[in-house]
1. Normalise the Cα radius of gyration of the range 119-168 by 2.2 N^0.38 Å (N = residues in it) and let me know the number.
2. Out of every Cα pair in the range 156-285, what percent are spaced more than 17 Å from each other?
3. Given the DSSP H assignment, sum -39500 (n - 2.57) over each helix run of at least 4 residues in the chain and divide by its residue total; what's the result at 222 nm in deg cm²/dmol, nearest 500?
4. Taking every pair of Cα atoms in the range 1-128, average 1/r, invert it to obtain the Kirkwood radius, and report Rg/Rh to two decimals.
5. Test of understanding: ordering ARG20, ARG112 by Cβ neighbours within 10 Å, fewest first, what list do you get?
6. So what are the three principal axis dimensions of the range 73-145 from its Cα atoms, in whole Å, longest to shortest?
7. Going through the range 35-133, which GluC sites (Glu not before Pro) have at most 13 other Cβ atoms within 10 Å and a DSSP loop state?
8. When the Cα centres of the range 217-285 and the range 45-78 are compared, how far apart do they sit, in Å?
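Each value in this text was obtained by applying a stated rule to the coordinates, not by laboratory testing. Please read these numbers as outputs of a predicted model, since none were measured by experiment. Note that each Cβ is placed from the backbone with ideal geometry, even for glycine, and that neighbours are counted across all protein chains shown.
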Amino acid sequence: MKICRYGEGLIGLVDESAVRDVTPAFDDLLKGQYPFPRHDVVVAALAERGDLIREVAARAVPVPLDQVTLNVPVANPGKIVAAPVNYRRHLQEVRDQIELNHGNEAHMREIREIGLFLKATSSLTGPDGPVVIGRPDRRNDHEIELVVVIGRTCKNVSEADALAQVAGYTIGLDMTVRGPEDRSFRKSLDSYSVLGPWLVTADEIPDPSSLSLELTVNGETRQKAHTQDLVMSVPELIAYASSFYTLYPGDVLFTGTPEGVSEVKAGDLMRARIDAIGEISVRVA
Ligand code: MN
């Protein structure tokens with residue numbers, strides 16, 4: 001299933017080029033009482049409500065996708081976990097270019113030495129963007145990434161059990177201000193975490209190491225890679241992350257970007273495409 005969020009707080013099932021309102025399948029979960037849970041209640045319910053979602057969708061009127069505004073597919077991620085330098089050739093380009101590493105040794109080490117990092121949830125924006133350049137005095141880069149959405153509460157999960165914890169996948173742009181500061185600081189500006197266009201449930205992507213991904217800027221290819229080249233695979237990343245913190249339904253995991261990162265400026269149009277998920281077009285403002 002392709003599950004989106006759209007319009008004024010609606011949840012949709014996407015089929016071909018139409019969306020059907022399936023919000024009623026989640027009605028009982030949407031009247032939360034303070035304090036609200038730390039996890040995303042809709043993502044937590046996805047696995048067990050597949051039949052209900054399809055029943056509700058069968059009664060809904062299809063609305064063409066181009067007539068709706070898509071929102072961030074996960075409304076309330078408790079945290080955004082992200083992998084740095086998780087493609088070999090991207091690590092090499094970071095080591096080779098002073099504009100990328102700023103002489104900071106911590107920017108040039110391997111993922112297993114430096115671990116993962118967190119991005120602020122306030123940096124999230126939907127697939128229609130825009131990405132608003134927050135520091136035009138600096139270089140601002142695009143990073144296309146396969147993004148994992150966690151579906152179950154898990155801690156110390158093994159690599160063998162890791163994919164069973166996944167609710168689904170989406171396309172992510174880990175936008176980045178270049179500079180010497182810590183990653184989480186430079187990657188947490190408002191609108192610097194783009195997610196969309198929807199969450200594709202895990203059953204439709206049995207092997208997340210088999211996806212090609214591509215990002216163009218103004219029609220020109222900048223990043224083109226394949227997830228089989230991830231240094232730490234999706235199961236390894238989930239196991240690694242969960243060895244440090246409990247993962248909750250709705251937690252978002254950016255899996256790292258391949259080589260080809262480059263600068264974007266106001267007015268540019270980024271298109272990001274990943275096999276089996278789809279495509280997003282995001283304007284830079
Ligand atoms: Mn990244």
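1. On the way: Rg = 15.8 Å, N = 50, 2.2 N^0.38 = 9.7 Å.
Cα Rg divided by the expected 2.2 N^0.38 Å: 1.63.
2. On the way: 5209 of 8385 pairs.
Across the range 156-285, Cα pairs with separations above 17 Å total 62 percent.
3. Working: 8 runs with 50 residues, N = 285.
Per the formula, -4000 deg cm²/dmol.
4. Values: Rg = 19.7 Å, Rh = 17.6 Å.
Here Rg/Rh amounts to 1.12.
5. Numbers: ARG20 18, ARG112 10.
Lowest count first: ARG112, ARG20.
6. 36, 30, 18
7. Answer by residue number: GLU110.
8. Each part's Cα centre sits 23 Å from the other's.
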